[in-house]
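Here's the structure we're looking at; comments come further down.
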Amino acid sequence: MNYLNSNSQPVSADYVFLNIRKRILKLELEPGTRISENQMAEEYGVSRTIIRNAFARLNQLGLLTVYPQRGTYVSLIDLKLIGDLLILRTAVEKEELYELLSQRDDEKIKKLVKELEDNLEKQEAYRNMEGYDLEFQTLDSAFHRAIAESVERYNLIKLLEDLMLHITRWRNFDVALGKRMPHLIDEHRKIIEEIKGGDFIKAQQAMADHLETISEIKAKAKERYPQYFVNI
């Protein structure tokens with residue numbers, strides 16, 4: 001397959017990096033797949049130098065693994081890492097909800113609820129979809145980012161951005177294997193309801209229930225795709 005820009009413009013280094021990253025996150029490039037500079041240079045119509053730089057950036061993110069004398073492979077999904085990241089993300093988002101609701105700023109809460117409800121309305125179009133569609137992923141990320149932005153945690157958003165890529169890749173298994181799309185949307189609705197109710201403990205619990213998925217899906221992932229995972 002050729003991955004040249006649809007407008008036939010020269011392919012930039014950033015485009016190559018972002019496109020390969022997207023293919024890894026969407027599991028088009030499956031965990032454990034060997035990829036080469038020559039192969040990718042041909043697919044994108046660019047020099048090996050551009051591909052080498054993209055590989056280096058993806059390796060830094062933990063999405064590619066380089067084995068000396070063996071080659072470059074799409075990294076396996078580390079379930080221990082995913083579990084740790086979900087604990088971290090849950091703690092952060094629960095703290096954001098505490099900050100938001102303990103301030104008792106009705107105007108701020110009202111503004112956030114409106115933004116979340118508008119987002120949720122768009123999510124409903126994906127209720128019957130089996131996979132973690134890229135468009136839904138964008139809405140999902142925006143939903144959680146809106147909560148962080150409501151308490152001005154911009155540095156946290158940036159700090160966690162790269163780490164959350166691993167959760168995005170995991171979500172493709174989580175949603176597809178658990179057929180969780182309707183549940184994700186309903187869980188988002190529950191979070192909104194608890195924010196509107198003003199009880200930060202209930203809101204925190206709704207968020208924790210929403211984010212904790214690994215124990216439920218782990219066995220299915222191990223059974224159907226054991227070759228994709230480490231630390232299972």
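Give me the net charge of Lys202's neighbourhood, meaning all other residues with Cβ under 12 Å from the Cβ of Lys202; Lys, Arg count +1, Asp, Glu -1.
-1
Give, rounded to the nearest 20 debye, the magnitude of the charge dipole that the chain has about its Cα centre when Lys and Arg contribute +1 at Cβ and Asp and Glu contribute -1 at Cβ.
Dipole magnitude for the chain comes out near 800 debye.
Build a GNM of the chain with springs between Cα atoms under 10 Å: which of Glu149, Glu117, Glu28 gets the top mean-square fluctuation?
Glu28
What does the helix-only formula give at 222 nm for the chain: each DSSP H stretch with n ≥ 4 adding -39500 (n - 2.57), the total divided by the residues, and the result rounded to the nearest 500 deg cm²/dmol?
Mean residue ellipticity, 222 nm, calculated: -22000 deg cm²/dmol.
Quick one: among Asp140, Asp199, Asp105, which has the greatest mean-square fluctuation in a GNM of the chain with alpha-carbon springs under 10 angstrom?
Maximum among the listed residues: Asp105.
Please list, by residue number, everything in the stretch 139-158 whose backbone N is under 20 Å from a paramagnetic label point 7 Å out along Cα→Cβ of Asp118.
139-154
Would you report the distance distribution of C-alpha pairs in the stretch 49-162 as whole percents per 10 angstrom bin, up to the bin with the largest distance?
11, 30, 32, 19, 7, 1, 0
Measure off 7 Å from each Cα along the Cα-to-Cβ vector at Val230 and Lys111, then give the distance between these two points in nanometres to one decimal.
Roughly 4.5 nm, to one decimal.
Could you put Lys190, Lys80, Lys179 in order, starting from the residue whose Cβ has the fewest other Cβ atoms within 10 Å?
Lys179, Lys80, Lys190
Any idea what angle helix 48-60 forms with the longest principal axis of the chain, computed on alpha-carbon atoms, 0 to 90 degrees, nearest 10?
40
Nearest 5 percent is fine: what portion of the DSSP beta bridges confined to the chain is antiparallel?
Expressed as a percentage, antiparallel bridges in the chain total about 75.
Could you calculate the FRET efficiency of Arg127 with Ala13 from 1/(1 + (r/R0)^6), where r is the beta carbon distance between them and R0 is 41 Å, rounded to 0.05?
Here the calculated transfer efficiency is 0.60.
Could you tell me how many degrees, from 0 to 90 and to the nearest 10, lie between the Cα long axis of helix 79-103 and the main elongation axis, the longest principal axis, of the Cα atoms of the chain?
30
Beyond 19 Å, what share of the Cα-Cα pairs of the stretch 1-104 remains, rounded to the nearest whole percent?
53
Holding the Cα-Cα limit at 30 Å, pick out from Lys114/Lys158; Lys94/Lys114; Lys114/Lys220; Lys108/Lys218; Lys190/Lys218; Lys111/Lys220 the pairs that are longer than that.
Distance filter (> 30 Å) returns Lys114/Lys220; Lys108/Lys218; Lys111/Lys220.
Does anyone have the angle between helix 13-25 and the longest principal axis of the chain? Alpha-carbon axes, 0 to 90°, nearest 10?
The helix 13-25 is inclined about 70 degrees to the chain.
If you take the alpha carbon radius of gyration of the chain and divide it by 2.2 N^0.38 Å, what ratio comes out, to two decimals?
1.11
Tell me the net charge near Phe17. Cut-off is 12 Å between Cβ atoms, Phe17 excluded, with +1 for each Lys or Arg and -1 for each Asp or Glu.
Neighbourhood net charge equals +4.
In percent, what relative contact order does the chain have, based on Cα pairs under 8 Å that are 6 or more apart in sequence?
The value is 26 percent.
Just check the stretch 10-52 against the gyration tensor rule for me: Cα atoms, a ≥ b ≥ c as the square roots of the eigenvalues, rounded for a/c under 1.5, and otherwise prolate or oblate depending on whether a/b exceeds b/c.
Oblate.
Counting other Cβ atoms within 10 Å, which GluC sites (Glu not before Pro) in the stretch 169-232 have at most 14 and lie in a DSSP loop?
Glu212
In percent, what relative contact order does the stretch 13-75 have, based on Cα pairs under 8 Å that are 6 or more apart in sequence?
Averaging sequence separation for qualifying contacts and normalising by length gives 41 percent for the stretch 13-75.
None of the figures in this text is laboratory data; all of them are computed from the coordinates on show. As the structure is a prediction and not an experimental result, all values here were calculated from the model. Virtual Cβ from ideal backbone geometry, glycine too; neighbours counted across all protein chains shown.
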